[in-house]
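Participant: Following this message is one structure expressed as structure tokens.
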Amino acid sequence: MPEPDAGAGGAALSRRCFGERLLHLNERFPHWFCRAFHQYNQREAELPIDQHQLLALIAPRPVYVASAAADLWADPRGELLACQAASPAYGLFALEGVALAAEPPAYGTLGDRICYHVRPGRHDLTPRDFWHYMDFADRHLRRP
């Protein structure tokens, strides 16, 4: 359920070609994805799908995407855009996704079933992140 500051290959839109690109990802971590994925190195626009479509497939289940404002390699804006683009799938179930915003918030969370969280700092997983994850889990997984 939580996607803690995953970076490239996580929630950020690959077709956006910002930050860590597929070439970087596939050269540094060739074992993360199948070999067929490598054909899109420096050809992201040709990808048949992108991360927002994978997030939309999770609907109506909750999903939490976390990011760090200074982690430009992971593309916080691309993660927010993916959450926003996946939100209509949640609307089909009359559930709230992430509202449109021009830029990621300076700090805080947006959305309910799709929740986007951004915090100051770099690529990391902090104790404060865990409190946000636990609050989200309590909201969606705790039995009434």
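Participant: Please check the chain for the longest run free of trypsin sites (Lys or Arg not before Pro) that are loop-located per DSSP (anything but H, G, I, E, B) and have at most 15 other Cβ atoms within 10 Å.
Facilitator: The longest uninterrupted stretch comes out as 44-121.
Participant: List every residue whose amide H lies under 5 Å from the amide H of CYS115, counting only residues 5 or more places away in sequence or on a different chain, with H placed 1.01 Å from N in the peptide plane.
Facilitator: Hits under the 5 Å cutoff: VAL63, TYR64, VAL65.
Participant: Indicate, rounded to the nearest 5 percent, the antiparallel portion of the DSSP beta bridges found entirely in the chain.
Facilitator: The answer is about 25 percent antiparallel.
Participant: With label points built 7 Å along Cα→Cβ from the Cα atoms of GLU27 and ILE49, find their separation and express it in nm.
Facilitator: 2.8 nm
Participant: Which of rounded, prolate, oblate describes the chain, given a ≥ b ≥ c as roots of the alpha-carbon gyration tensor eigenvalues and a/c under 1.5 marking rounded, otherwise prolate only if a/b is larger than b/c?
Facilitator: prolate
Participant: Return a whole-number percent for the relative contact order of the chain, with Cα pairs under 8 Å and 6 or more residues apart as the contact set.
Facilitator: Once divided by the residue count of the chain, the mean separation gives 27 percent.
Participant: Quick one: angle between helix 127-141 and the longest Cα principal axis of the chain, in degrees between 0 and 90, rounded to 10, please.
Facilitator: 60 degrees
Participant: Which ordering of ASP138, ASP71, ASP112 is given by a fewest-first count of other beta-carbon atoms within 10 Å?
Facilitator: ASP138, ASP112, ASP71
Participant: Starting from 0.36 nm per residue, how many nanometres of slack lie between PHE93 and ARG122 once their C-alpha separation is accounted for?
Facilitator: 7.0 nm
Participant: Exposure proxy check: CYS115, CYS17, CYS83, CYS34 ranked by fewest other beta carbons within 10 Å?
Facilitator: CYS34, CYS17, CYS115, CYS83
Participant: Now for a separate question. Between helix 76-91 and the chain, what is the angle of the helix's C-alpha long axis to the longest principal axis, kept within 0 to 90° and rounded to the nearest 10?
Facilitator: 60 degrees
Throughout, read-outs are computed from the coordinates displayed, never taken from laboratory work. Source: prediction; values computed, not measured. Quick reminder, even Gly has a Cβ in these numbers, built from the backbone with ideal geometry, and neighbours come from all protein chains shown.
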